[in-house]
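Read through the structure below, which is laid out as structure tokens, and then see the notes.
Please treat every number below as a calculation from the coordinates, not as lab data. All of these numbers come straight from a predicted model, not from anything done at the bench. Every residue, glycine among them, receives a Cβ derived from its backbone with ideal geometry; neighbour counts consider all protein chains shown.
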Amino acid sequence: MCGFMTFISTDALRAERVDQVRAGMALQRHRGPDDTEVWHDDRAVLGFNRLSIIDIENSGQPLRWGPPEDPDRYWMVFNGEIYNYLELRAELASSDGAVFHTEGDGEAIVAGYHYHGADWVQRLRGMFAFVIWDAREQRAFGARDWFGIKPLYTAATPDGVAFSSEAKSLRELTGTARVSARALQHYLVLQYVPEPESMDAGLTRIESGCSFTVEDGRLEQTRYFHPVFDSRPVTGPESREALYDRIAAVLDDSVAKHMRADVTVGSFLSGGIDSTAIAALAKRYNPDLLTFTAAFRAEGYSENDVADESARAIGVEHITRWVTEEELTRTLPLIIWYLDDPVADPALVPLYFVANEARKHVKVVLSGEGADEFFGGYTIYHEPVSLAGFEHLPMALRRGLGAVSRALPNGMRGKDMLRRGALRLEDRYYGNARIFREEQLPGLLRTYDPSISFHDVTDPLYEASRSWDPVQRMQHVDLFSWLRGDILVKADRMTMANSLELRVPFLDKEVFEIARRIPMSEKLAGGTTKYAMRKALERIVPEHVLHRRKLGFPVPTRVYLRGDSYAWARDIIESSPTDEFIDPKAAMRLLDEHRAGVADHSRRVWTIVCFMLWYDIFVAGTVTPEVPRPQYPVRL
């Protein structure tokens, strides 16, 4: 787990580009405080910050590799981990005669590319973003992992193409951020900026599951991974039990491979089944496993008691980081700085603090992200069942019911069910976060563009899944939107802010191979979610969490914004120079209505405040967070 920045020049490399890469690496030192190196030739410059996890004494980057006849041919920077690197190295050595000079996983990437070409990326089991510079052919090749666990920004300049683990580094080349009105409109609806866009109009992102080449200044991308849900009937007790056994086996194998490291590995542990399952499986491979959680003392906003009980049941030592309201408001600007693009998920705050606490004890943690998207874990996945009756009605009648719902008073029981039942799945479901509805934006945005819609994001996903069942289609949308736009962004940025490597065993290509074949009946059976996964984990997780509803890291923003944090939010809204984009009177009206108890606008206010802080930091420069210097030991 590290950070890198590269610049591939169209012609002869300008000297200032090397200095800009060095400056860019300094801005992301938190991603790799153990070592910093910059290498360049006359066309490319590669910079790398290392967080040493595997082969600590060697495997430095930029990594030089080549066949014996041309040992200086390739130079690579690589962020992430390849969990099947031992198997890949052995295969390359025996079948291709590859010679390795380290004990790390990076050489498995570049040697495989040399002998097998771009398709080799499909053999990689792990999380990764990398760029390989072929000095002989004057061509770059790179890729981002299957599900978007590791980030990769890109920018074009008049004299070349740049890539970086963090957007702030690329601004050493592109200058001050410029707001993308399109990205802002998407953000206010979704609470994140969907890939491949960035809030900064000068930057984009390489999408998950894509590889790319750069030659003669041209960046060309190819999608190597198309997730396909393909249910097969499960009939009879034997086949169902076989399914549960396969799920348990593949999860155990994934955790075992994710435990490969030359440093100490811990685990996050909340009160839910996902993190508890990962911790219980990890305990098999590290009997001294430490687990970590964060919690607030506000009533109803802590899962610490359940996490403590789970820790005792699986026999691990558990550490809780309590977070105060003052810490939440004081630290948010720094969190936004680490994020690069605004993500209005309040769970960022406890995640930042639990990562900070964990880094005092371990260098790597496991976590449970991805289980819901793979196995059908969100409560809203029940909606196609609850609204099934509407599907048989003529569209004209459904539109009439939608008109009835609009006439009903806000808050009236059944109003929202009528509204959503009147809509097609493609029109009502665009992910787990729905902050502002599009019809609510004209009064808030100074310039609202009705041609910009969530359909821009979801329509291609629904088109690709037309023959699937409705839950699979919702999962498909979430894989490309919510998972990589929110869940994985906050997981990567908040742990890397603390120089902590986070690994997500559910998000493994072999796990997906099993999960994608689970029929809807095995996801939503028994009135629950993730039914097949829960059955598979009956002998692994404690009974008290087996059927608990999902909470994650709950954050009391609703309570805080009606109390002491009201003045904090008001000051940001009144002082932020964002009038060109956001009507401050409309924002204050939402905050005041929330404080008065007229409505719960906490998520909307939080979304506005996060954008304003992003603008203050990266565009206006009126807020400058004090970024702590990473000071962690190499070994833990």
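Listed highest first by mean packing, meaning other Cβ atoms within 10 Å per residue, what order do 262-271, 329-338 come in?
262-271, 329-338
Sticking with the crude label model, points 7 Å out along Cα→Cβ, report the distance from Ala201 to Asp159 in nm, one decimal please.
2.5 nm
How big, in percent, is the set of alpha carbon pairs in segment 514-585 lying more than 18 Å apart?
Every Cα pair in segment 514-585 considered, those over 18 Å come to 64 percent.
Rounded, prolate or oblate, given the Cα gyration tensor of segment 112-209, with a/c below 1.5 counting as rounded?
Details: a/c = 3.11, a/b = 1.49, b/c = 2.08.
Oblate.
Taking each pair of distinct Cα atoms in the chain once, what is the resulting Kirkwood hydrodynamic radius in Å?
25.4 Å
Along the Cα→Cβ direction, 7 angstrom out, place labels at Ala249 and Glu215. What is the inter-label distance in nm?
Going by the 7 Å Cα→Cβ label model, 4.3 nm.
Among Asp230, Asp35, rank each residue by its count of other Cβ atoms within 10 Å, from fewest to most, as a rough exposure measure.
On the way: Asp230 9, Asp35 14.
Final ranking by Cβ density, sparse to dense: Asp230, Asp35.
Considering amide H positions built from the backbone, and no H for Pro or chain starts, which residues 5 or more places from Arg503, or on another chain, come under 5 Å of its amide H?
Val365, Leu366, Ser367
Exposure proxy check: Tyr430, Tyr115 ranked by fewest other beta carbons within 10 Å? Don't jump to the answer; show the numbers that get you there.
Values: Tyr430 25, Tyr115 14.
The fewest-first ordering by Cβ neighbours comes to Tyr115, Tyr430.
Around Ile582, which amide H atoms from residues at least 5 apart in sequence, or from another chain, sit under 5 Å from its own amide H, with H modelled in the peptide plane?
Arg446
Reachable aspartates and glutamates from Lys585, Cα under 17 Å, same-chain residues fewer than 8 places away excluded?
Partners within reach: Asp571, Glu574, Glu593.
Fewest first, what order do Leu441, Leu243, Leu170 take by the number of other Cβ atoms within 10 Å? All intermediate terms of the calculation are to be shown ahead of the outcome.
Working: Leu441 17, Leu243 20, Leu170 28.
Ordered by Cβ neighbours within 10 Å, fewest first: Leu441, Leu243, Leu170.
Run through segment 342-407 and list the trypsin sites (Lys or Arg not before Pro) located in a DSSP loop whose Cβ has at most 15 other Cβ atoms within 10 Å. Show your work: numbers first, answer last.
On the way: sites: Arg359, Lys360, Lys363, Arg398, Arg399, Arg406; in loops: Arg359, Lys360, Lys363.
Here the sparse-neighbourhood loop sites are Lys360.
Say a paramagnetic label sat at a point 7 Å from the Cα of Arg428, along Cα to Cβ; which residues of segment 451-468 have their backbone N under 13 Å from it?
none
If you put +1 on each Lys and Arg Cβ and -1 on each Asp and Glu Cβ, how big is the dipole of the chain around its Cα centre, in Debye rounded to 20?
Result for the chain is approximately 1880 debye, rounded to the nearest 20.
Which of rounded, prolate or oblate describes segment 1-57 when judged by the alpha-carbon gyration tensor and an a/c cut-off of 1.5? The partial results should precede the final answer.
Values: a/c = 3.08, a/b = 2.03, b/c = 1.52.
Prolate, because a/c is 1.5 or more and a/b exceeds b/c.
So which trypsin sites (Lys or Arg not before Pro) in segment 47-134 end up in coil per DSSP with only 12 or fewer other C-beta atoms within 10 Å?
none
Starting from the Cα of Arg312, step 7 Å toward the Cβ, then list every residue of segment 251-274 with an amide N under 20 Å from that point.
So the set is 269-273.
Which residue, Leu27, Leu184, Trp75, has the largest displacement toward the positive end of the dipole of segment 2-223 when charges sit on each Cβ (Lys, Arg +1; Asp, Glu -1)?
In segment 2-223, that residue is Leu184.
With Cβ to Cβ distances under 14 Å as the rule, what net charge do the other residues near Arg589 carry (K, R +1; D, E -1)?
Neighbour charge sum, excluding Arg589 itself: 0.
Among the trypsin sites (Lys or Arg not before Pro) in segment 223-292, which ones are in a DSSP loop with at most 15 other Cβ atoms within 10 Å of the Cβ? Mind listing them?
Arg284
If amide H atoms are built 1.01 Å from N in the plane of the peptide, which residues on other chains or at least 5 residues away come under 5 Å of the amide H of Leu290?
Ser267
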